[in-house]
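Structure, as structure tokens:
Readers should treat all values here as calculations from the given coordinates under stated rules, not as data from a laboratory. This one's a predicted model, so the numbers in the text were calculated from it and none came from an experiment. Note: ideal-geometry Cβ built from the backbone for every residue, glycine included; neighbour counts use all protein chains shown.
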Amino acid sequence: MGYCFGGTTVLELARSGADVVGVVSFHGALGTPTPVEAGKLKAKILALHGADDPFVPENEVGQFVKEMRDAKADWELVAYGNSVHGFTNPGNGNDNSKGAAYNAEADRKSWERMKDFFNEVFGVSTKKE
């Protein structure tokens with residue numbers, strides 16, 4: 001899993017065909033200079049994205065969706081409304097007009113979705129009993 005540049009990096013790792021079970025990207029860039037070929041992707045993909053992220057334009061989101069479909073990947077893209085880049089970092093403040101801002105609800109929801117994803121791909125529950 002990775003945040004921002006790290007989120008981009010884990011997506012590129014998956015695109016490379018690396019033998020990993022799954023990757024999670026938090027507000028990472030979704031575009032790539034080397035789209036994955038059909039059948040090459042081994043990892044399941046979870047991309048957690050701020051729907052209003054000015055650093056990841058809508059056409060990049062659309063290209064990612066097309067790439068994943070064309071690759072017949074096992075993927076999920078979750079776009080959080082009213083969220084921009086860096087929505088998991090309280091240090092970003094809460095002014096969306098700056099392009100990076102914290103969104104507590106998106107932070108909470110994305111963390112829970114990641115835990116569910118880990119349970120799905122690793123078969124281990126991350127929920128408190």
Among PHE26, PHE64, which is the only one that is farther than 24 Å from GLY123 by Cα and among the aromatic types (Phe, Trp, Tyr)? PHE64
Scan GLU76, GLU58, GLU67 and give me the residue that is within 22 Å of GLY99 (Cα to Cα) and among the charged types (D, E, K, R). GLU58
How many residues does segment 115-129 contain that are free of Cβ contacts under 8 Å to residues at least 12 places away in the same chain and more than 17 Å from the chain's Cα centre (by Cα)? 6
